[in-house]
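Undergrad: I'd like to ask you about the structure that follows.
The values are calculated or read from the model by the stated rules, or taken from the named source; none is laboratory data. All of these numbers come straight from a predicted model, not from anything done at the bench. All Cβ positions, glycine included, derive from the backbone under ideal geometry; neighbour counts span all protein chains shown. For accessibility, only protein heavy atoms count, side chains too; no ligands or nucleic acids. Shrake-Rupley method; radii C 1.70, N 1.55, O 1.52, S 1.80 Å.
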Amino acid sequence: MKRFSILAILAILAIPAMSQTITAVSGTVLDPNGIPYANGTILPQLVNVSGGASPTVTANGSPVFAPPGPSTLSSSGTFNMGTLANGSITPGGTTWKFLICSAPMVSFPNPILSSPVCFTTGTITIAGATQSITTNINSASPPALTVQATIPNVGTGGVLKFGASTGLSLLATGVLTVGNGTAGDTSGSINATLADVESTCPVAAAGTDLFCADPILHAWTQSLNGAAYLPTPELTGDLGNTAASPQVISTHITGASTNVQAKFNATGNLVPSSETDNGTLVISTESATALTEGACSGNATSLGVVCSNSTVHSIDVSTNNSAFTGVPQTICANVTPVTVSTSTTADQNLQACTIQAGTLNRIGRTLNVSTAGIYSTPAASSAQMTLKAKLCTVSGCGSGTVVAVCNIQTTALGAIQITNDTWLHECTGITQTAGATAVFERFGRLSMDLLVSNVGADSIFLDSNATAVTASIDSTAQLFLQVSGAFSAASASNTMTGRSLLVWVSN
């Protein structure tokens with residue numbers, strides 16, 4: 001961890017030690033749930049009240065320089081940095097504020113794509129030899145971190161049991177609780193534990209979403225609205241493969257209604273006695289946990305809710321009464337190569353993916369497309385290449401509504417011949433307006449080797465169409481994601497191969 005900021009070092013160069021005060025500023029950064037901003041950053045910023053005059057060190061008139069970069073928080077969210085006291089700065093009346101950010105790629109539903117969350121403290125007067133600003137940080141209400149879930153091995157612990165008379169029940173708050181064996185006691189409030197023994201995963205029926213412990217992958221998988229099983233990205237950890245050592249994920253679960261008694265039905269499933277469809281909790285000997293799709297609601301302070309969303313057919317989560325967001329969901333992964341070889345300059349279809357109705361039908365829903373492959377050209381070629389990721393209402397995009405989420409063209413080749421050089425196309429579309437006339441904000445990047453040798457530096461091209469939203473398309477209907485490629489100069493020796501395609505959604 002950086003113990004002293006560059007700001008303090010530059011400000012005090014060549015200044016006698018007794019002519020100014022360097023304060024050892026310390027603190028701890030925790031979110032409202034007590035989760036540390038582990039390995040995050042903190043950057044001091046001087047607040048000048050002089051109307052534009054440059055601040056100086058009072059002792060000798062040296063300028064107070066801005067720090068070139070932030071300091072790093074510890075794994076427990078603590079820091080200690082040297083900061084010039086405001087009483088040693090001219091003009092008088094200056095203060096400090098601190099920009100604090102979480103570490104990227106560790107604390108969000110999709111850690112691969114996520115950016116840090118940041119907040120700024122109020123103004124603080126720094127004085128004395130030491131000063132803690134933890135209270136000031138807490139007053140700034142640090143944003144809550146949605147920590148990437150892990151699946152610990154609890155062995156024989158975490159088992160739900162029935163009290164002497166109260167049994168297993170749902171309180172008015174929706175928290176699943178157990179008694180301690182005394183009649184009427186509900187003091188044993190715990191997080192519900194889901195422990196599924198690995199076995200073959202049944203496909204979900206239409207209108208139902210399933211979690212399953214897969215015995216082949218040893219990972220949590222999900223089947224949404226009758227679709228095939230795919231891994232659940234944000235649940236990490238080896239599940240193991242023995243019934244004697246089950247793996248669990250802990251969370252709060254809301255019930256179908258308040259104060260309903262949980263009972264076993266004729267088939268051995270544990271369900272609320274009301275047997276309602278919306279929010280029904282089913283615990284059975286099956287290796288999957290079913291959540292009936294419906295409207296996602298019912299969260300409260302200090303609770304975490306898992307919900308099966310009937311609008312976008314996704315597993316949604318909400319913590320501490322925050323808005324519901326979607327669990328990252330893999331739509332398809334295609335590793336069957338598709339090669340096109342033609343003398344036309346028209347778009348040629350590479351790999352494709354089917355997106356079930358409603359998947360993109362929510363503002364902020366994010367479509368992510370990553371596809372890669374190789375290409376070859378004839379001798380002395382000066383052609384340009386274009387890669388597109390398109391949403392269509394008809395498979396193959398040969399008719400119906402066609403919307404280009406990304407459309408990126410390279411520069412011209414330098415009259416050379418390419419043989420099996422590589423390319424990588426990454427594309428993101430975010431639903432700006434949902435419904436029958438949905439439009440998407442979009443951006444993308446095409447990385448391509450434009451040299452004769454495949455070991456040279458790659459060229460990077462951004463999507464020039466990202467200055468405006470896409471044309472409209474019906475996000476409530478089934479859609480088809482189609483990747484296509486084209487050459488600007490026709491030649492029978494032009495070939496292009498899409499070797500892999502990964503499509504997933506988040507938010």
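Undergrad: Under the condition of being polar (S, T, N, Q) and crowded, with 19+ Cβ neighbours inside 10 Å, which residue from the stretch 88-103 is farthest from ALA127 (Cα to Cα)?
TA: SER102
Undergrad: Which condition does LYS388 not pass, out of (1) basic (Lys, Arg); (2) assigned to a strand (DSSP E or B); (3) closer than 22 Å to LEU230 by Cα, if it passes all the others?
TA: (3)
Undergrad: OK, next. Tally the residues that are open to solvent by 30 Å² or more (accessible area, probe 1.4 Å) and under 26 Å from PHE461 (Cα atoms), restricting the search to the stretch 384-401. Please lay out each step first, then the result.
TA: Going through the stretch 384-401, the residues open to solvent by 30 Å² or more (accessible area, probe 1.4 Å) turn out to be 384, 388, 393-395, 398-401.
Okay, now just the ones that are also under 26 Å from PHE461 (Cα atoms), so 384, 388.
Of the residues in that region, 2 qualify.
Undergrad: Tell me which residues, restricted to the stretch 49-87, are polar (S, T, N, Q), in a loop (DSSP other than H, G, I, E, B) and open to solvent by less than 50 Å² (accessible area, probe 1.4 Å).
TA: SER50, SER62, SER74
Undergrad: Considering only the stretch 353-361, I want to know if a residue exists there that is of a type in the set (Ser, Thr, Tyr), within 30 Å of MET448 (Cα to Cα) and touching a residue at least 60 places away in the same chain (Cβ under 8 Å).
TA: Just the residues of the stretch 353-361 that are of a type in the set (Ser, Thr, Tyr), to begin with: 354, 359.
Then drop every residue that is not within 30 Å of MET448 (Cα to Cα), which leaves 354.
This time we only want the ones that are touching a residue at least 60 places away in the same chain (Cβ under 8 Å), so: 354.
Yes, that holds for at least one residue.
Undergrad: Follow-up. So THR371 clears everything in (1) under 26 Å from PHE480 (Cβ atoms); (2) surrounded by fewer than 16 Cβ atoms within 10 Å (Cβ to Cβ) except one condition, right? Which one?
TA: So THR371 meets the others, but not (2).
Undergrad: I'd like the full set of residues that are in contact with a strand residue (DSSP E or B) (Cβ under 8 Å, 6 or more places away or on another chain), part of a loop (DSSP other than H, G, I, E, B) and either open to solvent by 50 Å² or more (accessible area, probe 1.4 Å) or farther than 14 Å from THR134 by Cα (or both), limited to the stretch 34-48.
TA: Selection gives ASN39, GLY40.
Undergrad: Now for a separate question. From VAL403, VAL394, grab the single residue that is in a loop (DSSP other than H, G, I, E, B), of a type in the set (A, V, I, L, M), within 30 Å of ALA357 (Cβ to Cβ) and modelled with pLDDT of 95 or more.
TA: Testing whether each residue is in a loop (DSSP other than H, G, I, E, B), of a type in the set (A, V, I, L, M), within 30 Å of ALA357 (Cβ to Cβ) and modelled with pLDDT of 95 or more leaves just VAL394.
Undergrad: Suppose we keep only residues that are of a type in the set (Gly, Ala, Ser) and in contact with a strand residue (DSSP E or B) (Cβ under 8 Å, 6 or more places away or on another chain) within the stretch 303-338. Which one would you say is surrounded by the most Cβ atoms within 10 Å (Cβ to Cβ)?
TA: Pass one, the stretch 303-338, residues of a type in the set (Gly, Ala, Ser): 304, 308, 310, 314, 318, 322-323, 326, 333.
The next check asks that each one be in contact with a strand residue (DSSP E or B) (Cβ under 8 Å, 6 or more places away or on another chain); those that pass are 304, 308, 310, 314, 318, 326, 333.
On the way: GLY304: 19, SER308: 25, SER310: 17, SER314: 29, SER318: 21, GLY326: 24, ALA333: 14.
So the residue we want is SER314.
Undergrad: How about the stretch 313-366: which of its residues are under 25 Å from LEU230 (Cβ atoms), in a strand (DSSP E or B) and among the hydroxyl-bearing types (Ser, Thr, Tyr)?
TA: SER314, SER318, THR319, THR325, THR330, THR354, THR366
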